[in-house]
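Below is one structure, written out as structure tokens; the observations come after it.
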Amino acid sequence: MTLNRRTALGLLAGGLALPMMPAGLAFAAPTFPGEARVSMDLYQGDQAIGQHRYEITGSAAAPTVRTQAAFEGRVFGFRVKYNLSTVETWSGGQLSQLRSRGELRGEAFEVSADHDGGILSVLNAKGRRVKADANLLPTTYWMPNFVQQRQALDTQRGKVLTLNPQSLGTGSFRGRSVQGWDMGGDLPIKIYYDGSGTWSGLQFSLLGNDFEYQRV
């Protein structure tokens, strides 16, 4: 089975019974992927419109993860330009600090999060301070056990997202053997990891347009 855009969407539309993740896997310390540096090309249909990169440095006990993403596409004939830069620091399996900033359609946004007394103190993109679970994983996708979460921290808006992950099974995605997942809930994406746990692809639709990340 090839998990390309058409078949992955078709599996869900066809009503295939997919296994749910056990309810007890609400949170987990991040699992490290096989590759510490990854570049992804972003496509809108068949056209490349940008790139997404991450790099993990430091030790397994206290890593730093830097993410850069930028794309420029068209939706309903209008140009949409987006960029995002995120820096995460981790300690003891928990996110100790996150700094995220970017721009969407000419409007700048910033999100920050800090581990504070057993909670995650988040300053969202609207400038409001909210408290979240200290075990949340952010939507930077480098950790393969992201698919085991029932909640995640949105690095663009600073919101806590509810997830409903369902397995799409194993197959081939752009020449790589992968495990695929439909994240569901507040995050309508399909995401793919290879056998080493390295992020290898992602698909989503927006206003009738299909988008796809492909690992370089």
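Values quoted throughout were computed directly from the atomic coordinates according to the rules given, and no laboratory measurement underlies them. In this text, all values refer to a predicted model and were calculated from it rather than measured experimentally. Virtual Cβ from ideal backbone geometry, glycine too; neighbours counted across all protein chains shown.
Please check: in the Gaussian network model of the chain (C-alpha springs, under 10 Å), which one of R37, R105, R150 has the largest mean-square fluctuation.
Of R37, R105, R150, the Gaussian network model singles out R105 as fluctuating most.
Measuring from centroid to centroid over Cα atoms, what is the spacing of the stretch 150-211 and the stretch 84-122 in Å?
Going from one Cα centre to the other spans 20 Å.
Once you charge only the Cβ atoms, +1 for Lys and Arg and -1 for Asp and Glu, what is the size of the charge dipole of the stretch 84-184 about its Cα centre, to the nearest 20 debye?
Values: 12 positive and 9 negative charges, 37 e Å.
With only Lys, Arg, Asp and Glu charged at Cβ, the dipole is about 180 debye.
Can you give the local net charge around R105? Use residues other than it whose beta-carbon is closer than 9 angstrom to its beta-carbon, Lys and Arg +1, Asp and Glu -1.
Working: positive: R79, K81; negative: E103, E107.
Net charge around R105: 0.
Divide the volume of the convex hull of the Cα atoms of the stretch 49-152 by its number of residues and quote the answer in cubic angstrom per residue. Walk me through the numbers on the way to the answer.
Details: hull volume 11.9 nm³, N = 104.
With only Cα atoms used, the stretch 49-152 gives 114 Å³ per residue.
When the chain is modelled as a GNM with alpha-carbon springs shorter than 10 Å, which of Q179, Q151, Q47 fluctuates the most?
Q47
Kirkwood Rh over Cα pairs of the chain into Stokes-Einstein at 10 °C, 1.306 mPa s: D in µm²/s? Write out the running numbers ahead of the final one.
Values: Rh = 17.8 Å.
D, rounded to a whole number, is 89 µm²/s.
What does the extension gain come out to for F109 and T57, with contour length at 0.36 nm per residue minus their alpha carbon separation?
Details: separation 52, 0.36 × 52 = 18.72 nm, distance 2.55 nm.
Contour length minus the Cα-Cα distance gives 16.2 nm.
About the Cα centre, and with charges only on the beta carbon of Lys, Arg (+1) and Asp, Glu (-1), how big is the dipole of the chain? Nearest 20 debye, please.
Numbers: 22 positive and 18 negative charges, 64 e Å.
Dipole size: approximately 300 debye.
Along Cα→Cβ, 7 Å out, is where each label goes; now give me the distance between the ones at V87 and L206 in nm to one decimal.
2.6
Among T57, V75, W181, flag the residue with its Cα farthest along the positive direction of the charge dipole of the chain, charges on Cβ as +1 for Lys/Arg and -1 for Asp/Glu.
V75
Highest GNM mean-square fluctuation, the chain, Cα pairs closer than 10 Å: which of L104, L84, L95?
Maximum among the listed residues: L104.
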